[in-house]
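Heads up: the structure comes next, in structure tokens.
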Amino acid sequence: MTPISIPDALLREIYRYARLAHPIECCGYLRGSGTRVDELVACNNAERVQPERNFAIDGDELFAFARTFYSPRPALVIYHSHTNGRAYFSETDRLQSASDDGPYYECQHLVVGVTAEKVTEAAQFAWSVDDNDFVELARWPVLG
């Protein structure tokens, strides 16, 4: 499984958004074609109960996300931050992203660890049919 390539400029923009959103989780998605992304779509975190621990894309933003799958440039990566500074695919992330039958969307996931001071790490995940779970594909550099 190959990670979708994310240009440094988009990583910087995600990191900036994660720092600005802290203490709540940021979220959004990256569009492109093949194995490359070239557009960042930032979304509002619609999580109402614990936005500092969870994220949700809802309403018109969710419809726009879903419509990308019927376009030549679909969403390829969903991103969000963890405000505890750690980039891992949590149990909540799994429950929001897949059922026993597999992932809800054919997207990879980028999780950005962020604290009040800085982005600490970023990791990319994808669904593995063999593992019936999300597995880590790559670690991304923390860019200044």
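Observations, loosely collected:
- For chymotrypsin sites (Phe, Trp or Tyr not before Pro), the sites in the range 83-144 that DSSP calls loop and that have at most 16 other Cβ atoms within 10 Å are Y88, Y104.
- Spatial offset of the range 96-124 relative to the range 34-86 amounts to 10 Å, using the alpha carbon center of each.
- Paramagnetic label reach from E106 (point 7 Å along Cα→Cβ; backbone nitrogen cut-off under 16 Å): within the range 59-96, residues 66-78.
- In loop segments of the range 67-144 as defined by DSSP, the GluC sites (Glu not before Pro) with at most 13 further C-beta atoms inside 10 Å of their C-beta are E106, E117.
- Dipole magnitude (debye, nearest 20) for the range 1-140, charges at Cβ of Lys, Arg, Asp, Glu: 520 debye
- Computed helical MRE - 222 nm, the chain, DSSP H runs ≥ 4 contributing -39500 (n - 2.57), nearest 500: -6000 deg cm²/dmol
- Stretchable slack from R139 to R94, in nm (0.36 nm times residue separation minus alpha-carbon distance): 14.3 nm
- Count Lys and Arg as plus one, Asp and Glu as minus one, and take only other residues whose Cβ is under 14 Å from that of R36; the net charge is then -1.
- With a cut-off of 10 Å between beta carbons, the residues surrounding A87 carry a summed charge of 0, where Lys and Arg count +1 and Asp and Glu -1.
Readers should treat all values here as calculations from the given coordinates under stated rules, not as data from a laboratory. Because the structure is predicted, anything quoted here is derived from the model rather than measured. Every residue, glycine among them, receives a Cβ derived from its backbone with ideal geometry; neighbour counts consider all protein chains shown.
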